[in-house]
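> This structure is in structure tokens; I'll ask about it shortly.
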Amino acid sequence: MEAIMTLVIEESDMMTVELLNALLSSVKKDNQNIEPLSWKLGLKVLENCATILRFYLPKVVKMFSLELDDYAEVVAKICQNENPEEL
């Protein structure tokens, strides 16, 4: 599943808000214990696609006035244009 989701993002010409919202929802801190498999999958996909997502994710976070503290640290790293592998 990780490979498929990563490939979809890498091969996509246009990133959709719906896809980004789904990724963000999966790594919301409230969901870490409730849906651990979804959490881990979301983290891996975000890490794998950080280079691509750094152009889109900050816009979605700003558009919906999301608090970065409510999400996994990788989201803040991507939005701040840092390398998420340094976590």
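Nothing in this text is a laboratory measurement; each read-out follows from the coordinates by a stated rule. Every value quoted in this text rests on a predicted model; they were computed, and no experiment measured them. Virtual Cβ from ideal backbone geometry, glycine too; neighbours counted across all protein chains shown.
> Quick one: which of Val60, Val27 is touching a strand residue (DSSP E or B) at 6+ places or on another chain (Cβ under 8 Å), closer than 18 Å to Gln80 by Cβ and among the aliphatic types (A, V, I, L, M)?
Of the residues listed, the single one that is touching a strand residue (DSSP E or B) at 6+ places or on another chain (Cβ under 8 Å), closer than 18 Å to Gln80 by Cβ and among the aliphatic types (A, V, I, L, M) is Val27.
> (1) outside any helix (DSSP H, G or I); (2) within 13 Å of the chain's Cα centre (by Cα): which one isn't true of Met14, the others all being true?
(2)
> Tally up the residues in the stretch 1-54 that are farther than 14 Å from Ala72 by Cβ, among the polar types (S, T, N, Q) and surrounded by fewer than 16 Cβ atoms within 10 Å (Cβ to Cβ), please.
Residues meeting the conditions: 4.
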